[in-house]
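K.L.:
Sharing a structure with you now.
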């Protein structure tokens, strides 16, 4: 029996971005880049681990918006078109760099990565990566969980209980309808928890969730085992706390592994480095420079000067960083003094898109960590929350403290002078959605009023995505976030009034259904 | 929002349908459930863009109802936003003396946090705000506070007219909770994972239980894990060694060494129906009484030093024990320094090999208790060390094995058994009691 457990959690989420009203759309690339650079490498790593007999090595949260997008034929087709364009660029890059001993191997590396993406995405899984993740869960390699429907930041929606309930229920229903089984646990958007939320989590069928470290450490009563064991809320829903030490080793800009000078630099990209005439065919509008994914330099150091990327050196650093992580995990477990009931546990959650997209070597590192831990399970064994709870179901009862994993540890990143204007509208719309659902909930499924109700709920959920408030604060793509919030609130308002007036323009409704084609099985009654 | 539905330019005339407001009325156009809805005529990207832009331009929602909302940002900061119709504000102002010319718009915060006995409840403070801002950020001086607010007009003479009342908000705690109650409960979900083999296999469950207390599962080493019931044929030691034996470290050690159970023999006896004596309740009762009183003393000592705790944070077991009288323990009661006849097994005894003991009427210091109980892990070194044993007895069904921590327990012919285990300091005290009880209660008939 191991001395303790390590639980690695990846949370994969992207906002719902789908713009059939445009021939191409820059922000759709967020999904395409994540597929090529994160999800496909992750699937390949997990398949290798499955071949080695590894079980319960990862908990993967797939957000309902991401699930929907990965299953969307429109976006699947656009992704293949995106890949085709990049493969043409790769061929050109292989030719362009063939006499350059530093860059030629890198061009071939990216060419190979793109060919692999086509193989996995199209030929292997018929464009449906959910099949791959579902199979990995069926084989016991990982545990899949999900999050709130559009990743709404629940602590700031809590003034309207129906809004929080709908976020959770629609999320749970979407997961089940797309993956064929319910999720046992939930990743709270941005780790945002407030006391009382556990009642709605139970209602949505979840048996556990995660909080940031101080959510557990400031729990009431005081947690006897600190972060080294989950707590159980009085209603029986378990809470796992994020370990700050292992988080810092991956997240920290200064101390984290991804900042190693031998790793690939994210920002130096041929989309900005090469002549516009050469790169123009691969720009969305033929004018605006964007990241292409072809990055030939390593971080090198803090200055502007960069040296060519050397994958072999990076691989050596991956091995060293994996060793370091595993060693520290074992030390952390050993420091618990051999306690066995409940067994010590380290929970290390990360954003999935960090691995591969931002940190190019991330998937290799993750695979190396898992392989090392799996090789010596007698010290620290890998586990998933469900597997851990199966062994340790009797835990200290306590209610976590309000918390998030955002800057400052609470709600400030999603509520500040840069984005506070959205909350009066979000709360008001939630109240009106509840009233609308109660007043018109008897509409027959499939009828125009029912469809309008469904679409109004979709618009409201999409407006509530935490991503928009986050982007408004962080400053990148700010205009897009403002527009999305504005558009969804306006669509909700339009649909609400149409239902109230009894006058529904079917063509307009169809247009909104085409544009916001998310949560097809949504039942407006979740707002009643 | 009761905005009239405008006729928007560019509307697709053929797609507009009018419905009656009542369900089922003539004029409603709806798709029958179960029928396949005909696919809409294809949209061009331009048409989609046009519809999207028209709706966004004309339908951004205004605020309608009067409302004041509080949101917690962090332990020391609140955000308030509000909407009050201009006519409502004007009417309120007009109702004040002098037309309310000097009245100020204020947010009146009321502190609903639990207060000390005798303190004035519901203290409040005002923040002057401006209507045109419609929101405010408020810095606080304490965490974990409970507030409600009203937006209203405060006249120069102090009169206050509330326009709208907020929701209640509780700011987060910024540090550890003072509550120290420790209770274990079960996670809500089923324990098994039906879909893949990550959960423990049935034949591994014993080893999982065994792992709970590995130090006690090394037969024949430090301590007799399982002591057969007294009078078992072929066994030399009684199930409950005499008190003087246990108070004598060396004697206790001898017992430990020599009382390693012969499980094969026990199993054979059990299977052949060899007779074990029935354990009488009277044999156990003195120990139970002693345990209850010791725990009551411990809880009372701790309670006097801890901040008040709500009744619902105390476990049912503790509530049962708290009302008991709290005499200063005599050495004879705790089996220390005396061969009193309260029982043969001490619940508190001097630490092995140090030989130190508590004198007759000496009160056990609170720090000693805190240092050796689950209430305060990791506190400083204690001047007194305490150890305890637990006695377990019961009855099982002979045709099914009875396992305790993965070890099979030898049963008497009538299914009875009796065990003695050491308790160690620290958190395992509570966990062991719980696990034993749960396992015990989960047993077949025990």
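K.L.:
Bins of 10 Å, beginning at zero and ending with the bin holding the largest distance: percent of Cα pairs per bin for segment A:2-71, please.
P.N.:
Cα pair-distance distribution for segment A:2-71, in percent: 17, 41, 26, 12, 4, 1.
K.L.:
If you don't mind, there's one more thing I want to ask. For segment A:381-512, what does the equivalent ellipsoid look like in terms of its semi-axes, each the square root of 5 times an eigenvalue of the Cα gyration tensor, given largest first in whole Å? Each step should come with its number before you reach the end.
P.N.:
Working: eigenvalues 245, 110, 39 Å².
Working from the Cα gyration tensor, I get semi-axes of 35, 23, 14 Å.
K.L.:
What is segment A:377-528's relative contact order, in percent, from Cα pairs under 8 angstrom and six or more apart in sequence? Present the calculation step by step, with values, prior to reporting the outcome.
P.N.:
Details: 132 pairs, mean separation 41.5, N = 152.
It comes to 27 percent, rounded to a whole number.
K.L.:
For segment B:54-94, list residues with backbone N below 20 Å from a point placed 7 Å from the Cα of residue B:113 toward its Cβ?
P.N.:
B:70-80
K.L.:
Using 0.36 nm per residue of separation minus the Cα-Cα distance, give me the extension gain between residue A:331 and residue A:483 in nm, one decimal. All intermediate terms of the calculation are to be shown ahead of the outcome.
P.N.:
Details: separation 152, 0.36 × 152 = 54.72 nm, distance 4.86 nm.
Gain in length upon complete extension: 49.9 nm.
K.L.:
Counting partner chain Cβ atoms within 10 Å of every residue's Cβ in B:58-69, what's the average?
P.N.:
Details: counts 3, 12, 7, 13, 3, 4, 3, 3, 0, 5, 0, 6.
Average neighbour count from other chains, rounded to a whole number: 5.
K.L.:
Need one number: nm distance between label points at residue A:407 and residue A:525, each 7 Å from Cα along Cα→Cβ, rounded to one decimal.
P.N.:
4.4
K.L.:
So for the pair residue A:376, residue B:125, with labels modelled 7 Å out along Cα→Cβ, what separation do we get in nm?
P.N.:
In this crude label model, residue A:376 to residue B:125 measures out at 5.5 nm.
K.L.:
So if I take the centroid of the Cα atoms in segment A:251-318 and the same for segment A:203-224, what is the distance between those two points in Å?
P.N.:
39
K.L.:
A further question follows. Counting other C-beta atoms within 10 Å, which of A:365, A:468 has the fewest, and how do the rest follow? Present the calculation step by step, with values, prior to reporting the outcome.
P.N.:
Values: A:365 25, A:468 29.
Fewest to most other Cβ atoms nearby, the residues stand as A:365, A:468.
K.L.:
Given q = 0.10 Å⁻¹, what are the Debye log10 I(q)/I(0) values for segment A:135-234, with equal point scatterers placed on the Cα positions and solvent ignored?
P.N.:
So the normalised log intensities are -0.29.
K.L.:
Something else now. Over the alpha-carbon set of segment A:332-440, divide Rg by the Kirkwood Rh and report the Rg/Rh ratio to two decimals. Kindly include the intermediate steps, with their values, before the conclusion.
P.N.:
Details: Rg = 21.3 Å, Rh = 18.9 Å.
Taking Rg over the Kirkwood Rh, I get 1.13.
K.L.:
I would also like to ask the following. What fraction of the Cα pairs in chain A, stated in percent, has a spacing above 45 angstrom?
P.N.:
Numbers: 19127 of 139128 pairs.
That fraction is 14 percent.
K.L.:
For segment A:44-169, just run the numbers: alpha carbon Rg, then divide by 2.2 N^0.38 Å, N being how many residues it has.
P.N.:
On the way: Rg = 19.5 Å, N = 126, 2.2 N^0.38 = 13.8 Å.
Normalised by 2.2 N^0.38 Å, the Cα Rg of segment A:44-169 equals 1.41.
K.L.:
Using 5 Å bins from zero, what percent of all Cα-Cα pairs in segment A:430-501 falls into each bin?
P.N.:
P(r) over segment A:430-501, rounded to whole percents: 3, 18, 25, 19, 13, 10, 7, 4, 1.
K.L.:
Here is a follow-up. Within 10 Å of each Cβ of A:509-521, how many other protein chain Cβ atoms are there on average? Working shown, then result.
P.N.:
On the way: counts 4, 9, 12, 4, 1, 6, 5, 1, 0, 0, 0, 0, 0.
So the per-residue partner count for this stretch is 3.
K.L.:
Could you let me know the centre-to-centre spacing of segment A:372-431 and segment A:480-506, using Cα atoms, in angstrom?
P.N.:
When both Cα centres are located, 32 Å separates them.
K.L.:
Using the count of nearby Cβ atoms within 10 Å as a rough guide to exposure, how do A:359, A:414, B:141 rank from fewest to most? Show your work: numbers first, answer last.
P.N.:
On the way: A:359 25, A:414 28, B:141 6.
Placing the least packed residue first, the sequence is B:141, A:359, A:414.
K.L.:
Shifting gears a bit: Okay, helix-only estimate at 222 nm for chain A: each DSSP H run of n ≥ 4 adds -39500 (n - 2.57), divide by all residues, round to 500 deg cm²/dmol; what do you get?
P.N.:
My calculation for chain A gives -14500 deg cm²/dmol from helical runs alone.
K.L.:
Return B:53, A:21, A:93 ranked ascending by Cβ neighbour count within 10 Å, so the fewest neighbours appear first. If you can, show how the numbers build up before the last one.
P.N.:
Details: B:53 14, A:21 20, A:93 24.
Fewest-to-most Cβ neighbours within 10 Å comes out as B:53, A:21, A:93.
K.L.:
Modelled label-to-label distance, residue B:143 and residue A:74, 7 Å Cα→beta-carbon offset: nm?
P.N.:
If labels sit at residue B:143 and residue A:74, their model points lie 4.6 nm apart.
K.L.:
Now for a different question. With the contact rule set at Cα under 8 Å and sequence spacing of 6 or more, what percent relative contact order holds for chain A?
P.N.:
Numbers: 918 pairs, mean separation 117.0, N = 528.
Computed value for chain A: 22 percent relative contact order.
K.L.:
Do you know the relative contact order of segment A:8-109, to the nearest whole percent, from alpha carbon pairs under 8 angstrom that are 6+ apart?
P.N.:
Details: 55 pairs, mean separation 36.7, N = 102.
Relative contact order here is 36 percent.
K.L.:
On to the next question. Let me confirm one metric for peptide A:213-226, namely the mean number of other chain beta-carbon atoms within 10 Å of its residues' beta-carbons.
P.N.:
Values: counts 0, 5, 2, 0, 4, 9, 4, 9, 10, 9, 3, 11, 2, 3.
Averaged over the peptide's residues, the number is 5.
Every number here is computed from the coordinates shown, using simple stated rules; none is lab data. The structure presented is a predicted model; accordingly, all values stated were derived computationally and were not measured. All Cβ positions, glycine included, derive from the backbone under ideal geometry; neighbour counts span all protein chains shown.
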